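The values are calculated or read from the model by the stated rules, or taken from the named source; none is laboratory data. Remember, predicted model here, so these are calculated numbers, not experimental data. Glycine also receives a Cβ, built like all others from the backbone with ideal geometry; neighbour counts cover every protein chain displayed. Keep in mind that these areas ignore ligands, DNA and RNA; they rest on the heavy atoms of the full protein, side chains included. Shrake-Rupley method; radii C 1.70, N 1.55, O 1.52, S 1.80 Å.
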Amino acid sequence: VNNDYINPYTFSQVGYVESFSPLIGIDVTMRNNFQFGLQYNRMRTLLLGLVNHTLTEDANTEYVVRLGYIVRNFRLGNMGNPRGGRAKGSDLNIRGDISLRDSRTSIMNILLDDSQVTGGQRLMQIKLAADYNVSENLNLRVFYEQMTSKYKISTAFPLSTIRAGISATFTFGDSGGF
């Protein structure tokens with residue numbers, strides 16, 4: 001009416017995410033069925049708060065070491081051929097991962113040029129797993145996972161989590177596709 005323009009779009013914050021997962025990585029399978037891998041991951045998230053004049057940064061660095069071994073033609077128990085011959089076994093795939101992650105969250109007030117750490121943790125994770133195809137439709141998996149974290153702020157307590165178990169996956173129907 002009097003040339004005052006009201007913008008229908010308001011932005012309270014603007015975000016930027018960069019993720020290099022992996023930034024550097026190598027995976028090797030040797031002729032003797034031994035597997036190993038190394039990985040270095042980096043991730044950073046920046047959030048610019050336009051209302052409260054803050055810049056929030058969440059930075060993560062992670063190192064991962066992988067080891068594995070494939071046992072060819074492994075036979076589980078006395079799984080003999082019903083016709084009296086020896087049954088052909090399936091591959092037993094054994095894997096283990098160890099990862100160390102360091103994350104830090106800091107908030108910077110742009111007007112006051114003040115920055116402080118508001119969160120973050122050091123996380124160590126161990127994963128062990130073994131997969132075996134009992135038949136064409138049945139897969140068995142045994143796993144163990146442990147996660148331990150130590151926080152960078154004094155109001156959070158260290159945390160440790162352990163998961164372990166056996167998983168059976170049965171696929172119905174023809175596994176050959178459509």
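For Ser19, the shell of other residues with beta-carbons less than 12 Å away shows a net charge of -1, using +1 for Lys and Arg and -1 for Asp and Glu. Put the Cα centre of the stretch 141-169 next to the Cα centre of the stretch 96-136 and the gap is 12 Å. Computed from the Cβ-Cβ distance with R0 of 45 Å, the FRET efficiency linking Tyr40 to Ile166 stands at 0.85.
Remark: the Asp91-Glu136 segment gains 15.0 nm on full extension, using 0.36 nm per residue and subtracting the alpha carbon distance. Using θ = phi - 60° in the Karplus curve 6.51 cos²θ - 1.76 cosθ + 1.60, the 3J(HN,Hα) couplings for the stretch 15-20 round to x, 9, 10, 10, 9, 10 Hz; x is entered for Gly and Pro. Here the label points at Lys150 and Gln13, each 7 Å from Cα along the C-beta direction, are separated by 2.9 nm in the simple model. Split the accessible area of the chain by element, probe 1.4 Å, and carbon with sulfur accounts for 57%. Using the Cβ-Cβ distance between Leu47 and Leu111 with R0 set to 22 Å, the FRET efficiency works out to roughly 0.85. Full extension of the chain between Arg104 and Leu128 yields a length gain of 5.9 nm, computed as 0.36 nm times the residue separation minus the alpha carbon distance. Given the alternatives (1) 20.3; (2) 12.2; (3) 9.6, mean projected area of the Cα convex hull in nm² as computed for this entry is given by (1). What the Cα convex hull of the stretch 22-69 gives, in volume per residue, is 55 Å³. In this structure the chain gives 76 Å² per residue of accessible area when probed at 1.4 Å with all protein chains present. In a Gaussian network model over the chain where Cα atoms closer than 10 Å are linked, find which of Ala168, Ala59, Ala129 has the largest mean-square fluctuation. So, out of Ala168, Ala59, Ala129, the one fluctuating most is Ala168.
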